[in-house]
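FYI, it's all coordinate maths here, none of it is from the lab. Here the structure is a predicted model, which is why all the values come from computation and not from measurement. For neighbour counting, all protein chains shown are included, and Cβ atoms are generated from backbone atoms with ideal geometry for every residue, glycine included.
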Amino acid sequence: MALTLKFLPLSSASSPPAFILHNSPNYKSSSNLLPSPKPPSQQLITPTRSRFRISYRYNYTAHDEEGDEESCSFDEAVDLFNRREYYKCHDSLEALWIKAEDPTRTIVHGILQCAVGFHHLFNQNHKGAMMELGEGLCKLRKMNFQSGPFHQFEQDISAVLQFIYQTQIELAACTDDLCLAMDQSERSYQLLGGYGAGQVLYNLENDPVDGSMWIVFCPDKSYASADSPRVKLPILEATQQHLVAHHLW
């Protein structure tokens, strides 16, 4: 049985986190998190059905820094991000993050966390995706960009967060038989549960007109259509020269 979803108005939905209050034209539909003091390599999260735990992919050593020092650049990391090679992008940005000083360290860390967030999203760890994208967005906003590719990237990440939040609420509140009203009660937050852990909820679709990619909400028990909720997949159109222009390099 196909499930038809309708978005609830924001007034009847659970209050969204502070980092997803901005609307974006790239989003189509029918409380700041504290920065982590740990190296970004310790932020990859492995999902389970009942809980989410941190998986330490490797331990940072001075040898790692020396090995990566000559093998990565910001432009290469951006290219990996835009090709959706988020895991490799994480590795490249982490090497830059380790050597950088603020404020460059903040912008690199923010982009890195967005890469980790998309890695989680397309590996069915939706809670981890929201957490990492949210922390990454907070760091991007901390830079206070007013225009340019970094500002546009910030806006696009905000739209994705709003999209994930809204679709997760719909998923939690609705079954094949009924839909529950989502107010601001404790019960509403409890309904989010495991955030659809392990379920394939989001697919990528190509726009044949301009070649852009869209994240489409398409849970297993539903099917994609022209009316399926969707948001444009962010790309970062920035280079090292943009960092130089902002005195970040």
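Points worth noting:
- Computed from backbone phi, the HN-Hα couplings of the range 113-130 come to 5, 5, 4, 4, x, 6, 4, 5, 4, 8, 10, 6, 10, 6, 5, x, 4, 4 Hz, rounded to whole numbers (Karplus: 6.51 cos²θ - 1.76 cosθ + 1.60, θ = phi - 60°; Gly and Pro given as x).
- Between the amide H of Tyr202 and those of Cys218, distances stay under 5 Å, these residues lying 5 or more places away or on another chain, with hydrogens modeled in the peptide plane.
- Length available on full extension from Asn82 to Phe122: 0.36 nm per residue minus the Cα-Cα distance, which gives 12.9 nm.
- Sorted by Cβ density within 10 Å, fewest first, the residues Thr104, Thr167: Thr104, Thr167
- Pairwise label distance in nanometres, Lys99 with His247, each label 7 Å out on the Cα-Cβ vector: 2.3
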